[in-house]
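The values are calculated or read from the model by the stated rules, or taken from the named source; none is laboratory data. As the structure is a prediction and not an experimental result, all values here were calculated from the model. In this analysis, Cβ positions are derived from the backbone assuming ideal geometry, glycine residues included, and neighbour counts consider all displayed protein chains. Accessible surface areas use protein heavy atoms only, side chains included; no ligands, DNA or RNA. Shrake-Rupley method; radii C 1.70, N 1.55, O 1.52, S 1.80 Å.
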Amino acid sequence: TFMLSIFSRVRFFQLPHWWMKIGLIVGAGFINSCASTYQHPQLTLIPESEYFSKVEKNTRKQQIYDGFQQILEIQGTLLKTDVALAYVDHQARMFQWTPENYNTEKEKKSGELKKQTELFVSFFVPERKHDDLHKTKTLWKIFLDVNGKRYEGKATKIKAVLAEVMASYPHHNRWSTPYKIIFPAPVSEVDTHEAKITFTGPVSSVTLTYDL
């Protein structure tokens, strides 16, 4: 499945085995030399590793194929209360917020969580015209089903550069489009009940399930 996904997006070049080994060694050295852990001198924040663990735990992935052709891939991260607040800490660490800015943003996020639920989506379709979650006349409908209720989501395309998006959601990739989906449901609903999020339209239909 992974290789099919790669074949559907990029052209494959045959490289000598020894050259591939050199590339892996050089690449690993480059990553190790560039990797760093963000610190903040004034704030006590959750560890960076804990934030990424929460993101991974609350991320679901679905891939749809028509024969050998991939027609859809969706990776969705549900920002439950602990994930959303951990995201604030992650942003504060990455951008070195002042304590005042941090407190303001955390209070703002806590207020939002009382009335809405957020989903980060990494969305891939091979046809650009089908990548329109944010448009008024989109091909897609997005629903959150939780605790016997259904809420329709509204999508906004995230316009940040790739490096910034991947710094917070490392499963995202350059072939996919990042979106923020907002549902008019208090986040306490998904904190305490199983949630299902459905993307449906003429292209395909998939459901992401988030258990407790």
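Numerical summary
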item: Condition broken by LYS137, with the remaining ones in (1) under 14 Å from GLY76 (Cα atoms); (2) surrounded by fewer than 19 Cβ atoms within 10 Å (Cβ to Cβ) satisfied; result: (1)
item: Given (1) in contact with a strand residue (DSSP E or B) (Cβ under 8 Å, 6 or more places away or on another chain); (2) aromatic (Phe, Trp, Tyr); (3) surrounded by 20 or more Cβ atoms within 10 Å (Cβ to Cβ), index of the condition PHE143 fails; result: (3)
item: Yes/no for LYS108 being open to solvent by 70 Å² or more (accessible area, probe 1.4 Å) and more than 21 Å from SER176 (Cα to Cα); result: yes
item: Residue count for the range 182-207, restricted to those that are more than 10 Å from LEU78 (Cα to Cα) and assigned to a strand (DSSP E or B); result: 9
item: Residues satisfying the stated conditions in the range 63-93, i.e. of a type in the set (Lys, Arg) and either more than 13 Å from LEU43 (Cβ to Cβ) or part of a loop (DSSP other than H, G, I, E, B) (or both); result: LYS80
item: Verdict on PHE143 being among the aromatic types (Phe, Trp, Tyr), outside any loop (DSSP other than H, G, I, E, B) and in contact (Cβ under 8 Å) with a residue 60 or more places away in the chain; result: no
item: Whichever residue in the range 123-135 is farther than 21 Å from ILE197 by Cβ and in a loop (DSSP other than H, G, I, E, B) and, among such residues, is nearest to the chain's Cα centre (by Cα); result: PRO126
item: Cross-chain or 6+ apart pairs with Cβ under 9 Å, the range 182-194 first and at negative phi, then at pLDDT below 95 and open to solvent by 10 Å² or more (accessible area, probe 1.4 Å); result: ASP191/LEU212; THR192/LEU212; HIS193/LEU212; GLU194/LEU212
